[in-house]
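Novice: Sharing a structure here in structure tokens format.
Rule-based calculations on the coordinates, nothing more; no lab input. Keep in mind the model is a prediction, meaning the values are calculated, not measured.
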Amino acid sequence: MSSEVETARANVSLGDVRRLLIAIPQDEGEQKAIADHLDALRELIRAKEAKITALQRLKKSLMQHILTGRMRLSPELIAELSGSSDLKMSGGV
């Protein structure tokens, strides 16, 4: 068994770079519109990541409350969750 570490790195020559076609905005207005759109996308991603983090914290808190018995699930909610295709568990609830 070899203990060598193999790495792969593509070699890019100056000729390869010269053959690349790079789109450049026609004017400053177009460049600003592109930048504004990218800023809006970054903000949307940041908001989605914050929401995911908040939901993960909520899930963790709810799980702790349920598993320690500080909170009980109603039979109706258990039945509803059991019927959900996203939450099916092997062996049932």
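Novice: So what are the radius of gyration and Dmax for the Cα set of the range 27-83, in Å?
Specialist: 20.7, 63
Novice: Within the range 27-83, how many Lys pairs sit with Cα atoms under 19 Å apart, leaving out pairs fewer than 8 places apart on the same chain? Please list the in-between numbers first.
Specialist: Details: K48/K59; K48/K60; K51/K59; K51/K60.
Lysine pairs satisfying the spacing and distance rule in the range 27-83 number 4.
Novice: Could you give me the ³J(HN,Hα) list for the range 57-62, computed from phi with Karplus coefficients 6.51, -1.76, 1.60 and θ = phi - 60°, whole Hz, x at Gly and Pro?
Specialist: Taking θ as phi minus 60°, the curve returns 5, 4, 4, 4, 5, 4 Hz for the range 57-62.
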